[in-house]
Amino acid sequence: MLKEIKNYDLIDICDYKFSYNDFEKVYGYYLNNDLVGIIDFSIIYDRIELNYIFVKEEYRQKGIASKMMEYIISYNLSISLEVDETNIKAIKLYEKYGFKNKAIRNNYYGKNNAILMVRW
């Protein structure tokens, strides 16, 4: 079950730092009342920027990230994101939902480049 999280201090499954801005929305994916995944995105006027998506390792490959992606896609807005070029699983997920490579951001993740991906 996907549920909006208002108190980011309750998120204890990753080290990601949430920005607490007026555009940001954070949803948790729960199984049996346990938080197993989160998605953080910003709605900025007529588009969405996907900031972060995470699923606990033991719950990966079970369709949870797909359900979270389908949720933000249901807004019917264009979506952009950056992904580490070495994160092949994430890239495959985004491509599955029609995201296309738009640009490369050199050394965005330290030594690794980021791929800017968009979905119209």
task = Report whether or not I91 is farther than 21 Å from F18 by Cα, open to solvent by less than 50 Å² (accessible area, probe 1.4 Å) and among the aliphatic types (A, V, I, L, M).
result = yes
ask   = Across the stretch 20-43, which residue is surrounded by the fewest Cβ atoms within 10 Å (Cβ to Cβ) among those that are in contact (Cβ under 8 Å) with a residue 12 or more places away in the chain and among the acidic types (D, E)?
value = E24
ask   = Taking strands (runs of 3 or more DSSP E) that do not extend beyond the stretch 1-117, which have at least 1 residues that are small (G, A, S) and touching a strand residue (DSSP E or B) at 6+ places or on another chain (Cβ under 7 Å)?
value = 24-31, 34-44, 78-84, 100-109
ask   = Given R105, R119, which one is charged (D, E, K, R) and touching a residue at least 40 places away in the same chain (Cβ under 8 Å)?
value = R119
Members of the stretch 47-84 that are open to solvent by less than 50 Å² (accessible area, probe 1.4 Å) and more than 11 Å from the chain's Cα centre (by Cα) = G63, I64, I73, L77, S78, D84
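The values are calculated or read from the model by the stated rules, or taken from the named source; none is laboratory data. Because the structure is predicted, anything quoted here is derived from the model rather than measured. Note that each Cβ is placed from the backbone with ideal geometry, even for glycine, and that neighbours are counted across all protein chains shown. With ligands, DNA and RNA removed, areas are computed over all heavy atoms of the protein, side chains included. Shrake-Rupley method; radii C 1.70, N 1.55, O 1.52, S 1.80 Å.
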